[in-house]
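A.B. asks: Quick one: structure below, then a few questions.
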Amino acid sequence: MDRFISADEYKRRVMIIDDEEINRLMLGNILETEYEVVFAKDGQEAWDLLHGEEKDISLLLLDLLMPVMNGFELISKLNEDDELKSIPVIVMTSEKEAEVKSIKLGASDFITKPYDMPEVILARCERIIKLSEETTLIHSTEKDAVTGLFTRDYFFEYIRQIEAHHNSSVDALVFNIDHFHLVNEMYGRKTGDSVLVRVANTLEEVLKEKEIISCRTEADTFYVLCEHIDDYTPFIAKIQELLGNASGSSKIRLRAGIYQEAAKDMEVELRFDRAKIACDRIRGDYSRTVAYYNNELYQKSIYHERLIRDVDDAIANEDFKVFFQPKYDITSDTPKLRSAEALIRWQHPELGMISPGDFIPLFESNGLIQKVDNYVWKTAASQIRKWKEKYNYSVAVSVNVSRIDIFDPTLQDKLRTILEENGLDASELMLEITESAYADSANTLTEVAESLRASGFKIEMDDFGSGYSSLNMITTLPIDVLKLDMKFVRNMEKDEKSLKLVELIIDIAKFLDVPVVAEGVETKSQLDTLKDLGCQVIQGYYFSKPVPADEFEQFIEKELK
Ligand code: C2E
Ligand code: CA
Ligand code: CA
């Protein structure tokens, strides 16, 4: 099969630099059998060509005595050029002294004029080229011990060398395993390693026709350079299928980010950075397994970098605002204020108001969420205390706890400290954890939730019905409140199926003996329907949007009348 990969197959380009035409012709004749030959008639012309269209030269054959710029001058200029200094040079001379001088300057070898032994010349060229390519590679010729794929350094070096001699169009692919850290955490490193091997093998198997080279970079990230393919969908589907079928302790799901047909002069690392941006973008999005990099993504990634950079300032300057949205108990005739949910907003000094949907998923993907959540918890707790002091009335507030927070071993201590600092009881600061977090990491989450409950915290399962928890799992979950996912409320009046699901979920809650909070309730008729079905608590625009603390006080005051 005609594969792109073989480094031995293509003709390398060599440059002959000599001011005498007869010498150029003779040497050219010899070398043309093995190489593509480029000519320059002095050092200056060679220098210009190397910086211009002749970027992929494997060897220079250099005469020393030439007008304009002689061979010595060219060698020392090349030595100062980071990119060009790695091109090996063979000096062509008839003087012993010049040989020594040029080797000292950095030439790799020499050929003596006149050129009467073509085989010797060819052999020397071949040896020098091989040696030079190997030394660049040798520095990084390690294979990844776990998967047997190449290492990142080798991978990039290989691509640079292969591309210098090849022109077909290629794509950069980045693969990442969803929630790989959980595999390690739950099943141990050995299982983790075997998952990596399985992924590496599957990638090679499915992409083998098109793959040029692949490597593993960080723990669970794989890079693949492929000959261009328009549509990767069937390949990715095949990969998922193979990984899904493999029996084992956990399901493996891969995400792919792809940067297609990059310009040849674009740095290899940059192409893979872009593919990675595309890949990161669909992290946590269960509906997508492939993302292609495009300009919109580029703009978005710039925006994201900005947000990441500004987090510390935002905390220091109190640009993060905590809003409160009331939850009402509707079991009696007049709705009664039951609690509130704390929701963050970012009042950015230059970018304006940013909604959490634009930065929470981003901060979840890089761990910054812990800082931000901690800030929200503190602010919410201190607000509860202020209201207690002002009204002698306790409004319980739920805060959102991200799935990332769950893995923080100091979570419990952090929350305890916040309570103590504000003289609050654990029942006053409730914790909302999204259902999909349970599905991702059932064991850890169950343990953490259990111990939080043991110390008095109330756990609300957020967005219930959006995740993947099985009925079997639900019955064993340690929760105190079930929050119905907003989309059921939205669709309830439009389709019968959603209505049936709401009924079912309310039944499940009854079985578990926990109350149901319906959020996103905007109309009276939604409220009535939910009430008829037995839902006890309502949150939504029908009562109020999330509002700043001072505006929230109207709800407290109304309650106290
Ligand atoms: P969530 O926890 O499910 O919060 C409910 C979202 O629904 C809020 O959006 C709220 O403003 C919105 N909402 C409430 N009532 C209605 C309604 O009647 N109609 C409609 N259309 N929407 C309504 P928001 O504030 O934009 O927050 C979005 C998500 O961001 C939250 O979803 C939560 O997952 C996350 N989030 C917000 N604040 C925090 C935080 O402090 N920490 C963490 N980790 N996540 C947060
Ligand atoms: Ca929530
Ligand atoms: Ca929710």
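The values are calculated or read from the model by the stated rules, or taken from the named source; none is laboratory data. For clarity, every value in this text was computed on a predicted model and none was experimentally measured. Backbone-built Cβ (ideal geometry, glycine too); neighbour counts: all protein chains shown. Each accessible area value is taken on the protein alone, full model and side chains, heavy atoms only, with ligands, DNA and RNA left out. Shrake-Rupley method; radii C 1.70, N 1.55, O 1.52, S 1.80 Å.
A.B. asks: Could you tell me whether any residue of region 308-318 is open to solvent by less than 60 Å² (accessible area, probe 1.4 Å), in contact with a Gly (Cβ under 9 Å, 6 or more places away or on another chain) and closer than 30 Å to residue 481 by Cβ?
C.D. replies: Among the residues of region 308-318, not one is open to solvent by less than 60 Å² (accessible area, probe 1.4 Å), in contact with a Gly (Cβ under 9 Å, 6 or more places away or on another chain) and closer than 30 Å to residue 481 by Cβ, which makes the answer no.
A.B. asks: I'm trying to understand the selection: among the residues of region 511-551, which are more than 14 Å from ligand 3 (Cβ to nearest atom) and buried (at least 21 other Cβ atoms within 10 Å of the Cβ)?
C.D. replies: Across region 511-551, the qualifying residues are 527, 530, 535.
A.B. asks: Would a scan of region 208-224 turn up a residue that is within 22 Å of the chain's Cα centre (by Cα), surrounded by fewer than 19 Cβ atoms within 10 Å (Cβ to Cβ), modelled with pLDDT of 85 or more and over 30 Å from residue 443 (Cα atoms)?
C.D. replies: Looking for residues that are within 22 Å of the chain's Cα centre (by Cα), surrounded by fewer than 19 Cβ atoms within 10 Å (Cβ to Cβ), modelled with pLDDT of 85 or more and over 30 Å from residue 443 (Cα atoms), one finds at least one in region 208-224, hence yes.
A.B. asks: Give 518, 509 a once-over and let me know the one that is within 16 Å of ligand 1 (Cβ to nearest atom) and hydrophobic (A, V, I, L, M, F, W, C).
C.D. replies: Just a single option satisfies the conditions, and that option is 518.
A.B. asks: Now for a separate question. I'm trying to understand the selection: among the residues of region 413-442, which are more than 16 Å from ligand 2 (Cβ to nearest atom), hydrophobic (A, V, I, L, M, F, W, C) and touching an Asp or Glu at 6+ places or on another chain (Cβ under 8 Å)?
C.D. replies: 419, the sole residue that qualifies.
A.B. asks: Return the residue satisfying two criteria in turn: it lies in region 234-253 and is in contact with a strand residue (DSSP E or B) (Cβ under 7 Å, 6 or more places away or on another chain) and at pLDDT 90 or above, and of such residues it is surrounded by the most Cβ atoms within 10 Å (Cβ to Cβ).
C.D. replies: The qualifying residue surrounded by the most Cβ atoms within 10 Å (Cβ to Cβ) is 239.
A.B. asks: Here is a list of conditions, (1) free of Cβ contacts under 8 Å to residues at least 40 places away in the same chain; (2) within 16 Å of ligand 3 (Cβ to nearest atom); (3) under 38 Å from the mean Cα position of the chain (by Cα); (4) not in a loop (DSSP other than H, G, I, E, B), and residue 499 meets all of them except one; can you say which number that is?
C.D. replies: (2)
A.B. asks: Is one or more of the residues making up region 487-494 more than 16 Å from ligand 1 (Cβ to nearest atom) and more than 32 Å from the chain's Cα centre (by Cα)?
C.D. replies: So the first thing to find is which residues in region 487-494 are more than 16 Å from ligand 1 (Cβ to nearest atom), and the list is none.
Checking region 487-494: not a single residue is more than 16 Å from ligand 1 (Cβ to nearest atom) and more than 32 Å from the chain's Cα centre (by Cα).
A.B. asks: Somewhere in region 356-376, is a residue within 14 Å of residue 399 (Cβ to Cβ), among the polar types (S, T, N, Q) and more than 16 Å from ligand 2 (Cβ to nearest atom)?
C.D. replies: Within region 356-376 (the criterion being within 14 Å of residue 399 (Cβ to Cβ), among the polar types (S, T, N, Q) and more than 16 Å from ligand 2 (Cβ to nearest atom)), the answer is yes, since at least one residue qualifies.
A.B. asks: Could you check how many residues of region 254-293 are surrounded by fewer than 21 Cβ atoms within 10 Å (Cβ to Cβ), hydroxyl-bearing (Ser, Thr, Tyr), part of a loop (DSSP other than H, G, I, E, B) and modelled with pLDDT of 85 or more?
C.D. replies: 1
A.B. asks: Tell me which helices (runs of 4 or more DSSP H) are completely within region 369-460 and hold 1 or more residues being open to solvent by 10 Å² or more (accessible area, probe 1.4 Å) and either acidic (Asp, Glu) or more than 15 Å from ligand 1 (Cβ to nearest atom) (or both), or say none if there are none. Step through it out loud before you land on a result.
C.D. replies: Working: elements: 369-391, 403-406, 411-422, 435-440, 442-454.
Hits in region 369-460: 369-391, 411-422, 435-440, 442-454.
A.B. asks: Take the conditions open to solvent by 70 Å² or more (accessible area, probe 1.4 Å) and either in a loop (DSSP other than H, G, I, E, B) or closer than 24 Å to residue 123 by Cα (or both) and apply them to residue 68. Does it pass?
C.D. replies: Yes; evaluated as a whole, the condition is true for this residue.
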